[in-house]
Amino acid sequence: MTFRPLLVALFCLSSTLAAAQTAQVDRPRPGIAIQLRFDPGVPIEQPDAFTLLRTELYGQYHHGGSGFGAYASIPILSAIPKKAASTTTIGNVEVGGFKTFSFGVASLTLRFGVALPTYRPSTVEQLFTTIGGGFGRLTDVVQVAPYTTAVRLAVSPRIQIPYFFAQIDVGFDVTITESATISLGSRKLDLKGSVGGYFRANLALGARVSIVSLALELVNIANIRSDLDATIAERFLHSLGGTLAVHAPYVHPFFGVYTPLDEGLRGNVIFLSAGIEGVL
């Protein structure tokens, strides 16, 4: 009987936090958190040929009384071939703020962020890291856009009820790309300065039992740049996967598996996600 209030409190804490655990959709939400994650991409037909790796440090602070919060994300992009030297570079660092409104079992988060142009590849090896960095977290593809600044706006409604939760993201990213030259061996690739954008629409559905949660996540983005020479289908990218998380007090380890859904990528590469999140 002595431990019953403590067990009830821990169960309530784990239930609340589990309802919000996802790995691919938008993350700003109530709570203070620091997350370290690794997202390797492995070719299915030649798993020993190379590995694409996205490593990220993410942190956020949320003031429960006002609903306002701030966040920052630092992605590190790596290409690790089996028979050549690996390449590592920093992606576009992102900072921003958000405001959360609570309505009982429902909540709504408004987010504003800026991805800074810190990803500045100068060789084809560095540019190759874009592939893994992009699909490692597809909704944050602007963090692997070379020489690009992005202004990011998003709205995320959530519903959390016992054992189940759901989240929808609708977002728009305005991108400004600088002119630049990338070395391709004996040739050069010239990037033209341009203004473009991405539209994002994501869905996460999940369930939890005690301190274990499982989320199914669908990410969809569309390149809406007006001068892009591409069909409607070629403008879209999609990924689907699942995230398993354990919600111990203050620490959340998680593991996910994701796959692109688009022709040419589907069935050729699989992306994994593993990380740990500390929460208060």
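Conditions tested, residue by residue: (1) of a type in the set (Gly, Ala, Ser); (2) in contact with a Phe, Trp or Tyr (Cβ under 7 Å, 6 or more places away or on another chain); (3) closer than 20 Å to residue 275 by Cα.
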site: 53; (1), (2), (3): no, yes, yes
site: 65; (1), (2), (3): yes, no, no
site: 91; (1), (2), (3): yes, yes, yes
site: 102; (1), (2), (3): yes, no, no
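Criterion first (of a type in the set (Ser, Thr, Tyr), closer than 22 Å to residue 26 by Cα and touching a helix residue (DSSP H, G or I) at 6+ places or on another chain (Cβ under 8 Å)) does residue 163 satisfy it? When the stated conditions are applied, residue 163 does not pass them.
Of the numbered criteria (1) under 22 Å from residue 30 (Cα atoms); (2) touching an Asp or Glu at 6+ places or on another chain (Cβ under 9 Å), the one residue 241 fails is (1). The number of residues in segment 73-100 being surrounded by fewer than 21 Cβ atoms within 10 Å (Cβ to Cβ), touching a helix residue (DSSP H, G or I) at 6+ places or on another chain (Cβ under 7 Å) and under 17 Å from residue 37 (Cα atoms) comes to 1. Among the residues making up segment 193-215, those that are under 15 Å from residue 117 (Cβ atoms) and exposed (fewer than 13 other Cβ atoms within 10 Å of the Cβ) are 193, 195. For residue 68, the requirement of being surrounded by fewer than 16 Cβ atoms within 10 Å (Cβ to Cβ), out of contact with any Leu (no Cβ under 7 Å at 6 or more places or on another chain), of a type in the set (Phe, Trp, Tyr) and modelled with pLDDT of 95 or more is met. The sole residue among 219, 174 that is touching a residue at least 24 places away in the same chain (Cβ under 8 Å) and farther than 30 Å from residue 44 by Cβ is 174.
Residues that are in a strand (DSSP E or B) and among the polar types (S, T, N, Q) were ranked within segment 170-190; the one that is farthest from residue 120 (Cα to Cα) is 175.
The values are calculated or read from the model by the stated rules, or taken from the named source; none is laboratory data. Treat the numbers as computed from the prediction; the structure is a model and nothing was measured. Reconstructed Cβ throughout: ideal geometry from the backbone, glycine too, with neighbour counts over all protein chains shown.
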